[in-house]
Amino acid sequence: MMFRKADFKDMDDRYRANLINSLSGFKSANLVGTQDGAGNTNLAIVSSVFHLGANPALIGMIMRPHTVRRDTLENILGSGEYTINHVNHEIWQKAHQTSARYPETVSEFSEVGLTPQWLDGIKAPFVAESRLKYALALRSCQTLEINSVEMVIGEITHLELDESAMTEAGYLDIEALGSVAISGLDSYHVTQRLGRLSYAKPGIEPKLL
C-alpha cells in the first residue's frame, strides 16, 4: 500500500487524522494540570511532550492552534505554571476521558475521578494517582508559522516520583512505574523493555547493561 501527497487531501478528515497521528509511533501519555485565575482546575491528556534540554531542565509540548478556547493553554499563559503527570496503567481510561470538552468551570479532576494534589508555592495541581510528576514554569510559547500550533516550553521547578524507579546513574525505570504509551489518537499500551545498551562508540560492540 502506498500513499502520495494528493491522496492525503482526498481522505476523510477523521481517517487522515488517525493515519498521520499513527506515523510517529509510540508517544508518552501525560496529564497536564493547570488552574485559572478564578481557581478552576483543568486536566488534559497530551501526547506531544518532549525533552528539550537538561541544563536548564526544559520540556517542550505541542498544543493545537489557539483559534478557539483552549483552557489548558490559556491557564498556562495566565498563571505561568503547570504540571505534567505520567499516565499509568491504573488510570489510563480516566486520563483518556479528560479529552472530552467540558465547560470551563467544570473540573476534569472531579468528572473523571482523579485527585488534585497541591504543593506549597505551586499554583497548578498535580495528579495524586500519578507516580511520576513535575511542575514547570513557562519559559516560552511560540506559534509555529507552518501550521499555527503552539509550542510551549517550560522549565522544571519540582519533580516527584516513586523512589523505586531511581537508579544510581540517574536513569528512571518508568516501566516499573507502570507508565503507558499512546499510539495514534486513542490507543494505549504498556511496555516491555528489550534492554539497555552501553554508550555507543565507533568500533565497539554495545553491551547490555
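The values are calculated or read from the model by the stated rules, or taken from the named source; none is laboratory data. In this text, all values refer to a predicted model and were calculated from it rather than measured experimentally. Quick reminder, even Gly has a Cβ in these numbers, built from the backbone with ideal geometry, and neighbours come from all protein chains shown. Please note that ligands, DNA and RNA were not included when accessible areas were found on the heavy atoms of the full protein model with its side chains. Shrake-Rupley method; radii C 1.70, N 1.55, O 1.52, S 1.80 Å.
The table below lists the values:
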| read-out | value |
| --- | --- |
| Number of the exception - Leu73 against (1) under 21 Å from His158 (Cα atoms); (2) aliphatic (A, V, I, L, M); (3) part of a loop (DSSP other than H, G, I, E, B) | (3) |
| Selection status of Ser110, in a loop (DSSP other than H, G, I, E, B) and either among the charged types (D, E, K, R) or over 17 Å from Val46 (Cα atoms) (or both) | no |
| Per-region count, the range 9-20, residues closer than 16 Å to Gly184 by Cβ, part of a helix (DSSP H, G or I) and not hydroxyl-bearing (Ser, Thr, Tyr) | 7 |
| Segments classed as strands (runs of 3 or more DSSP E), wholly inside the range 140-209, with at least 2 members that are touching a Gly at 6+ places or on another chain (Cβ under 7 Å) | 150-161 |
| Test for Leu31: is it closer than 20 Å to Gln97 by Cα and in contact with a Gly (Cβ under 6 Å, 6 or more places away or on another chain) | no |
| Residue within the range 43-55 that is under 15 Å from the mean Cα position of the chain (by Cα) and of a type in the set (Ser, Thr, Tyr) present | yes |
| Of all residues in the range 107-134 being in contact (Cβ under 8 Å) with a residue 24 or more places away in the chain and aliphatic (A, V, I, L, M), the one that is surrounded by the most Cβ atoms within 10 Å (Cβ to Cβ) | Val127 |
| Complete set of residues in the range 90-101 that are under 17 Å from Leu73 (Cα atoms) and either in contact with a His (Cβ under 7 Å, 6 or more places away or on another chain) or open to solvent by 90 Å² or more (accessible area, probe 1.4 Å) (or both) | Arg101 |
| Residue that is surrounded by the fewest Cβ atoms within 10 Å (Cβ to Cβ), among those in the range 158-209 that are touching a strand residue (DSSP E or B) at 6+ places or on another chain (Cβ under 7 Å) and among the β-branched types (Val, Ile, Thr) | Thr191 |
| Any chance Glu104 is assigned to a loop (DSSP other than H, G, I, E, B) and either open to solvent by 70 Å² or more (accessible area, probe 1.4 Å) or under 22 Å from Ala54 (Cβ atoms) (or both) | yes |
| Residue among Glu168, Glu160 that alone is without any contact (Cβ under 8 Å) to a residue 60 or more places away in the chain and over 20 Å from the mean Cα position of the chain (by Cα) | Glu168 |
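Yes/no per residue for (1) without any contact (Cβ under 8 Å) to a residue 24 or more places away in the chain; (2) outside any loop (DSSP other than H, G, I, E, B); (3) open to solvent by less than 40 Å² (accessible area, probe 1.4 Å):
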{"residue": "Leu31", "(1), (2), (3)": "no, yes, yes"}
{"residue": "Gly37", "(1), (2), (3)": "no, no, no"}
{"residue": "Leu43", "(1), (2), (3)": "no, yes, yes"}
{"residue": "Ile59", "(1), (2), (3)": "no, yes, yes"}
{"residue": "Pro65", "(1), (2), (3)": "no, no, yes"}
{"residue": "Val68", "(1), (2), (3)": "yes, no, no"}
{"residue": "Leu77", "(1), (2), (3)": "no, yes, no"}
